[in-house]
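Peer 1: Attaching a single structure in structure tokens format; questions to follow.
The values are calculated or read from the model by the stated rules, or taken from the named source; none is laboratory data. Values in this document were obtained by computation on a predicted structure and should not be read as measured data. A quick note on method: Cβ atoms are made from the backbone with ideal geometry, for glycine too, and the neighbour counts reach across all protein chains shown. To get the accessible areas, we keep the full protein, side chains included, count just its heavy atoms, and leave off ligands, DNA and RNA. Shrake-Rupley method; radii C 1.70, N 1.55, O 1.52, S 1.80 Å.
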Amino acid sequence: MNDLFEMLSFSFMQRAFIVGIPVALCAALLGVSLVLKRYAMIGDGLSHVGFGALAIASAFNLAPLWVSVPVVIIAAFLLLRLSESSRIKGDSAIALISSGALAIGVVVATVGNGMNTDLSNYLFGSILATSESDAIMSVCLSVVVLALFIFFYGKIFAVTFDEGFSKATGVNSGAYNMIIALLTALTIVVGMRIMGTLLISSLIIFPALTSMRICRTYKKVIICSSVVSVVCFVAGIVSSYFLETPTGATIVLVNMLMFFAFSALSYLAKRRG
Amino acid sequence: MSIIKCDNISMSYDGVTVFDNLSFDVKSGDYLCIVGENGSGKSTLMKGLLGLKQVRDGKIVYSDGLKRNEIGYLPQQTGAQKDFPASVYEVVISGRLNKRGLKPFYSSADKESARLNMERLGIEQLKNKCYKELSGGQQQRVLLARALCATSKLLILDEPVTGLDPIAASEMYDIISRLNKENGITVIMVSHDIVAAVDHADHILHLSNKEVFFGTTGDYTHSELGSRFLYHNCHCEGCERHSRYHHDSSHIHKYTNRAEVQRGE
């Protein structure tokens, strides 16, 4: 018990919780739509673009969030366009953009600082990376994402379930796709400092897939994946503190365990039913 | 009063023209079936009517005060929906979104409309069931209820019975006819089931690569295009003539005769 209080007395741990919990929540909410729309790879592509932007920002001594937020938002719109157009293969385009951005980021980061520890922090996340001003902005962004998601909940369901119907009956589905892309971009930029470029997309994909093992309605999937996401995040941070393992990777491992547990439960439920 | 008027429209698909100078109009209360072979442009025309695709030439006029958000649409199911976690109620009520504008959440009028339309299609006991666990016929009813939430004027249906067993298909046709006759909803249906189309619709638009028929179902059954696809026992002068033409296989005999002649030598 004392260990727990000791853990919470560190200011970097407090910041990690303050930034991380809202991000985990947002990622879970958006993840459901992204997974169902077959856009899961966009999340991965965006985090790589975010890495490139962060590397450039730190090379030029700019505030990282102010650079990466607009860059990633632009990339999100681009990727959405690419995956909608039938002429270009969307998945290959995403692979091109993400590996390109990753390469730019790696080169800039090594030339700029010549230090490998920084690079590893970017790629795999670091709990120490969040400064106080970052934390404040992160929380603000998360609140915006949450508010917009709740406000557009019905429309996000409709364009996820059946875009053609929404469009044909006069709902502006293009605009709501943009909103989904915008919210995803914000969530990824905020979350990638803790989770790392290579691991942030798991925060989006795992909770959605986990809850879909068991839940059968959209509302239940949304609620369940929010709970799963926050629980896994907290459990991951706490165990990484005590086991002295990297935070981002530990959170992903906890998510994996949860996924297997839900799969087993759904298997058992099917056998009994 | 026509509700939709197509004036000399031409549309293309991937740069290839699928039809040119097509004109027809749909009056309020009509039941129009659009039939035709694969690739004749049925789906392209429907996308044009729905505003999902631009017409290349000519124009589609919506009159009688029909607004974009007063069209109900029953699409063909996509693969993504087959494993989508959603309850029947969530799907049905999402048809009301086009009336909400930017306002969030659903009002009690929306909920009432969803309940009414589920009742109309006999699916109110499925309300909390998971959409993907329903049978094909039940899923189509759910999507039709959603379309009814979006409109009380015009329904556009894309191959509504594809993949349904014969009983579910005939139930689906009955429901659509009832909505048209009893509730006065204008129906435009794309189908490749010409026999059922003639049974239920009162107007037929037959798209074919060479010719186009548009008119009432009665005229269609006696037309050249119609009699080619319908097996019926009408012996009126026109049908007899068409039938002689369709069964005329002299060009085949010519070749077989020549083969015999050659063998004889």
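Peer 1: Within the stretch A:1-94, which trypsin sites (Lys or Arg not before Pro) sit in a loop by DSSP and count at most 15 neighbouring Cβ atoms inside 10 Å? It would help to have the intermediate numbers written out before the result.
Peer 2: Numbers: sites: A:15, A:37, A:38, A:81, A:87, A:89; in loops: A:37, A:38, A:87, A:89.
Answer in residue order: A:38, A:87, A:89.
Peer 1: Sort out for me the Cα centre separation of the stretch B:125-168 from the stretch A:135-182, rounded to whole Å.
Peer 2: Measuring centre to centre over Cα atoms gives 26 Å.
Peer 1: Moving to a separate point now. Would you list, by chain and number, the lysines whose Cα falls below 19 Å from the Cα of residue A:37, excluding same-chain residues fewer than 8 positions away?
Peer 2: Of all the lysines, those that pass the test against residue A:37 - Cα under 19 Å, at least 8 places apart if same chain - are A:89, A:155, A:167, A:219, A:220, B:82, B:132.
Peer 1: Based on the mean of other beta carbon atoms within 10 Å per residue, what is the order of A:199-212, B:207-220, B:151-164, most packed first?
Peer 2: Ranking, from highest mean packing down: A:199-212, B:151-164, B:207-220.
Peer 1: Decide, for the stretch B:22-76, between rounded, prolate and oblate: order the square roots of the alpha carbon gyration tensor eigenvalues as a ≥ b ≥ c, take rounded if a/c falls under 1.5, and otherwise choose prolate if a/b is larger than b/c, else oblate. Walk me through the numbers on the way to the answer.
Peer 2: On the way: a/c = 1.43, a/b = 1.32, b/c = 1.09.
Rounded is the answer for the stretch B:22-76, as its axis ratio a/c remains below 1.5.
Peer 1: When ligands, DNA and RNA are left out and all protein chains stay put, how many square angstrom of accessible area per residue does the stretch B:147-224 have with a 1.4 Å probe?
Peer 2: Details: 3120 Å² over 78 residues.
Per residue, the stretch B:147-224 has an accessible area of 40 Å².
Peer 1: On average, how many beta carbons from a partner chain sit within 10 Å of the beta carbon of a residue in A:144-155? Display every interim value, and only then the final one.
Peer 2: Working: counts 0, 0, 0, 0, 0, 0, 2, 4, 2, 2, 11, 5.
Mean partner-chain Cβ count within 10 Å for A:144-155: 2.
Peer 1: So how long is each side of the protein assembly as shown along the principal axes, counting just the alpha-carbon atoms, biggest first, in Å?
Peer 2: Principal extents (largest minus smallest coordinate, Cα): 98, 62, 49 Å.
Peer 1: Rounded to whole Hz and in sequence order, give me ³J(HN,Hα) for the stretch B:148-161 from the Karplus expression 6.51 cos²θ - 1.76 cosθ + 1.60, θ = phi - 60°, writing x for Gly and Pro.
Peer 2: With the stated coefficients, the stretch B:148-161 comes to 5, 5, 7, 8, 10, 10, 10, 10, 10, 10, 9, 6, x, 10 Hz.
Peer 1: While we're looking at this one, here's another question. Can you tell me what share of the DSSP beta bridges in chain B is antiparallel? A percent to the nearest 5 is fine. If you can, show how the numbers build up before the last one.
Peer 2: Working: 19 of 37 bridges.
Here the share of antiparallel DSSP bridges comes out near 50 percent.
Peer 1: Summarise the accessible area of chain B (1.4 Å probe, protein heavy atoms) by the percent that is carbon and sulfur. Write out the running numbers ahead of the final one.
Peer 2: Working: 6510 of 13100 Å².
C and S atoms contribute 50 percent here.
Peer 1: Next up: Skip the ligands, DNA and RNA, and give the accessible area per residue of chain A with a 1.4 Å probe, whole Å². Kindly include the intermediate steps, with their values, before the conclusion.
Peer 2: On the way: 12050 Å² over 273 residues.
Per-residue accessible area for chain A comes out at 44 Å².
Peer 1: Lys/Arg Cβ at +1, Asp/Glu Cβ at -1, dipole of the stretch A:1-97 taken about the Cα centre: which of A:27, A:97, A:58 is farthest positive-ward?
Peer 2: Projecting each Cα onto the dipole axis, the largest value belongs to A:97.
Peer 1: Within 10 Å of each Cβ in B:79-89, how many Cβ atoms from other chains are there, averaged over the peptide?
Peer 2: Numbers: counts 1, 7, 3, 0, 2, 8, 15, 11, 5, 1, 2.
Across B:79-89, the average partner-chain Cβ count within 10 Å equals 5.
Peer 1: Within a 10 angstrom radius of each residue's Cβ in B:94-102, how many Cβ atoms of other chains show up on average? Whole number is fine.
Peer 2: Working: counts 13, 5, 3, 11, 8, 3, 3, 2, 4.
If you average over the peptide's residues, the count of other-chain Cβ atoms is 6.
Peer 1: Once the whole set of protein chains is in place, how much accessible area is left on residue B:27, using a 1.4 Å probe, in Å² to the nearest 10?
Peer 2: Roughly 100 Å² of residue B:27 is accessible to a 1.4 Å probe.
Peer 1: If you don't mind, there's one more thing I want to ask. Report, to one decimal in Å, the Kirkwood hydrodynamic radius for the stretch A:1-151 based on all distinct Cα pairs.
Peer 2: Numbers: mean 1/r = 0.0589 Å⁻¹.
Value: 17.0 Å, from the Cα pair sum.
Peer 1: Follow-up. Search the structure for amide H atoms under 5 Å from the amide H of residue B:27, placed 1.01 Å from N in the peptide plane, and list their residues when 5 or more places away or on another chain.
Peer 2: B:3
Peer 1: Let me ask you something else. If a/c stays under 1.5 just call it rounded; otherwise compare a/b with b/c (prolate if a/b is bigger, oblate if not). Do that for chain A, with a ≥ b ≥ c from the square roots of the Cα gyration tensor eigenvalues. Show your work: numbers first, answer last.
Peer 2: Values: a/c = 1.72, a/b = 1.12, b/c = 1.54.
Verdict is oblate for chain A.
Peer 1: Run the numbers on the stretch A:130-206 and let me know its relative contact order in percent, using alpha-carbon pairs under 8 Å that are six or more apart.
Peer 2: Details: 30 pairs, mean separation 26.4, N = 77.
That works out to 34 percent.
Peer 1: Another question, then. May I have the convex hull volume per residue, in Å³, for the Cα set of the stretch B:139-193?
Peer 2: Details: hull volume 4.0 nm³, N = 55.
Output value, Cα hull per residue: 72 Å³.
Peer 1: To continue, here is another question. May I ask you to list the residues of the stretch A:235-273 whose amide nitrogen lies under 13 Å from a point 7 Å from Cα along the Cα→beta-carbon direction of residue A:12?
Peer 2: Counting backbone N atoms under 13 Å from the label point, the list is A:241, A:244-248.
Peer 1: Also, I was wondering about something else. Which order do B:149, A:224 take when ranked by solvent-accessible area (1.4 Å probe, heavy atoms of all protein chains), largest first? Please report the intermediate quantities before stating the final value.
Peer 2: Details: B:149 5, A:224 30 Å².
The most accessible residue leads, giving A:224, B:149.
Peer 1: Rounded if a/c is under 1.5, else prolate if a/b beats b/c, else oblate: with a ≥ b ≥ c from the C-alpha gyration tensor eigenvalues square-rooted, which is chain B? Numbers along the way, then the final one.
Peer 2: Values: a/c = 2.22, a/b = 1.87, b/c = 1.19.
Verdict is prolate for chain B.
Peer 1: Pick out the long, greasy-scoring helices in chain A: whole DSSP H runs spanning 24 Å or more along their own axis by Cα, mean Kyte-Doolittle at least -0.5. Kindly include the intermediate steps, with their values, before the conclusion.
Peer 2: Values: long enough: A:11-36 (38 Å, 1.92); A:40-59 (30 Å, 1.23); A:64-84 (30 Å, 1.79); A:90-113 (34 Å, 1.47); A:132-151 (29 Å, 2.07); A:173-195 (33 Å, 1.59); A:218-243 (36 Å, 1.70); A:247-272 (38 Å, 1.02).
Helices passing the filter in chain A: A:11-36, A:40-59, A:64-84, A:90-113, A:132-151, A:173-195, A:218-243, A:247-272.
Peer 1: Tell me the chymotrypsin sites (Phe, Trp or Tyr not before Pro) within the stretch B:91-153 that lie in a loop according to DSSP and have at most 10 other beta-carbon atoms within 10 Å.
Peer 2: Details: sites: B:105, B:106, B:131; in loops: B:105, B:106.
Here the sparse-neighbourhood loop sites are B:105.
Peer 1: Checking the cross-link filter: which lysines have an alpha carbon closer than 19 Å to that of residue B:181, excluding same-chain neighbours under 8 positions apart?
Peer 2: Partners within reach: B:27, B:153.
Peer 1: Check the straight Cα-Cα distances from residue B:67 and name the aspartates and glutamates below 17 Å, setting aside those fewer than 8 residues away within the same chain.
Peer 2: B:25
Peer 1: Hey, another quick one. In percent, how large is the relative contact order of the stretch B:1-105, given Cα pairs closer than 8 Å and 6 or more residues apart?
Peer 2: Details: 110 pairs, mean separation 30.8, N = 105.
The normalised contact order for the stretch B:1-105 reaches 29 percent.
Peer 1: Then there's this: For the protein assembly as shown, give me the percentage of DSSP beta bridges that are antiparallel, rounded to the nearest 5 percent.
Peer 2: Working: 19 of 37 bridges.
Among the beta bridges of the protein assembly as shown, antiparallel pairing accounts for roughly 50 percent.
Peer 1: Please give the calculated 222 nm ellipticity per residue for the protein assembly as shown, where each DSSP H segment of at least 4 residues contributes -39500 (n - 2.57) and the sum is spread over every residue; nearest 500 deg cm²/dmol? Intermediate values should be presented prior to the final figure.
Peer 2: Numbers: 24 runs with 340 residues, N = 538.
Value at 222 nm, helices only, nearest 500: -20500 deg cm²/dmol.
Peer 1: Now for a separate question. Given contacts defined as C-alpha pairs under 8 Å and at least six residues apart, what's the relative contact order of the stretch B:113-223, whole-number percent? Mind dumping the intermediate values first?
Peer 2: On the way: 100 pairs, mean separation 21.3, N = 111.
Value for the stretch B:113-223: 19 percent.
Peer 1: Ignoring ligands, DNA and RNA, how much accessible area is buried between chains A and B, both sides summed, with a 1.4 Å probe, to the nearest 100 Å²? Please report the intermediate quantities before stating the final value.
Peer 2: Working: alone 13420 and 14350 Å², together 25150 Å².
Roughly 2600 Å².
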